[in-house]
Amino acid sequence: MNGLLDKAWQRRLAAGLLVALVGVAFAWFFIVPRLRPHIFSGAVIQSTQKAPRLELDVAGGQTVRMTDFEGQVVVVYFGYTFCPDICPATLGKLADAMEILGDRADEVQVMMVSIDPERDTPEMLAEYVTHFHPDFIGVTGDPQTVNRVATLYGVYYEATEGTAETGYTIDHTTTVMLVDKEGFLKLVLLFEGTAAQIAADIEYFL
């Protein structure tokens, strides 16, 4: 009789340990990660003022403003369509980040501001950025307006001599800016960041 009781007790103990282990595993994989502070891949901006205003042109003769996207996370990148390497690589990573976000990508607007308004028309920009993702938009304006907006966002760019085939090229800041749903500039993402890191940083603000 005692042997049967001992075996029953052992079975209950084993079952209890199994339940406890399952609980620990659940907490480790689903609860603990949410309690850990998020480690950003870029530089966090503690701004008390909203992101600099912009009013630029898109294809179809329309104008967009930063306030048009309140309620969405806006990812702002300054580049140009003739860029041979950095711009397509950056837009490719941003497109991959949108894929990682899945349905939540609907809450994000990626915007490329052209720093080459002499060559980049709104229509060219639209064709270029949507090659990477159908929801990306490209915006531009007259040179003075683009220069003012770039300066407000801390973006440097300068035309340099290119080849006979490519014409001039433009050296420019390669960072990406993240504006939260309330319109505050929150994060500067580095070019070296991966698509997964970018997606994780965006998701934090969703």
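The values are calculated or read from the model by the stated rules, or taken from the named source; none is laboratory data. Not measured: the values here are computed from a predicted model. Every residue, glycine as well, gets a Cβ built from its backbone with ideal geometry; the counts of neighbours run over all protein chains shown.
If the requirement is being crowded, with 19+ Cβ neighbours inside 10 Å, in contact (Cβ under 8 Å) with a residue 40 or more places away in the chain and in contact with a Ser or Thr (Cβ under 6 Å, 6 or more places away or on another chain), which of these qualifies: THR140, THR90?
On the way: THR90 fails: in contact with a Ser or Thr (Cβ under 6 Å, 6 or more places away or on another chain).
One residue alone meets the criteria, THR140.
Quick check on the range 79-115: of everything there that is touching an Asp or Glu at 6+ places or on another chain (Cβ under 9 Å), assigned to a strand (DSSP E or B) and not β-branched (Val, Ile, Thr), which residue is farthest from TYR168 (Cα to Cα)?
The selected residue is GLN109.
Mind listing just one residue for me: the one in the range 49-78 that is touching a residue at least 60 places away in the same chain (Cβ under 8 Å) and among the hydroxyl-bearing types (Ser, Thr, Tyr) and, of those, farthest from PRO134 (Cα to Cα)?
So the residue we want is THR67.
Kindly establish whether VAL74 is hydrophobic (A, V, I, L, M, F, W, C) and part of a strand (DSSP E or B). Don't jump to the end; show me each part of the working.
Working: hydrophobic (A, V, I, L, M, F, W, C): yes; part of a strand (DSSP E or B): yes.
Considered against the rule, which asks whether it is hydrophobic (A, V, I, L, M, F, W, C) and part of a strand (DSSP E or B), VAL74 comes out as yes.
Please find, among VAL24, VAL32, VAL19, VAL64, the residue that is of a type in the set (A, V, I, L, M, F, W, C), in the same structural domain as THR166 (by TED's automatic domain parsing) and either modelled with pLDDT under 75 or part of a strand (DSSP E or B) (or both).
Working: VAL24 fails: in the same structural domain as THR166 (by TED's automatic domain parsing); VAL32 fails: in the same structural domain as THR166 (by TED's automatic domain parsing); VAL19 fails: in the same structural domain as THR166 (by TED's automatic domain parsing).
Every option except VAL64 fails the conditions.
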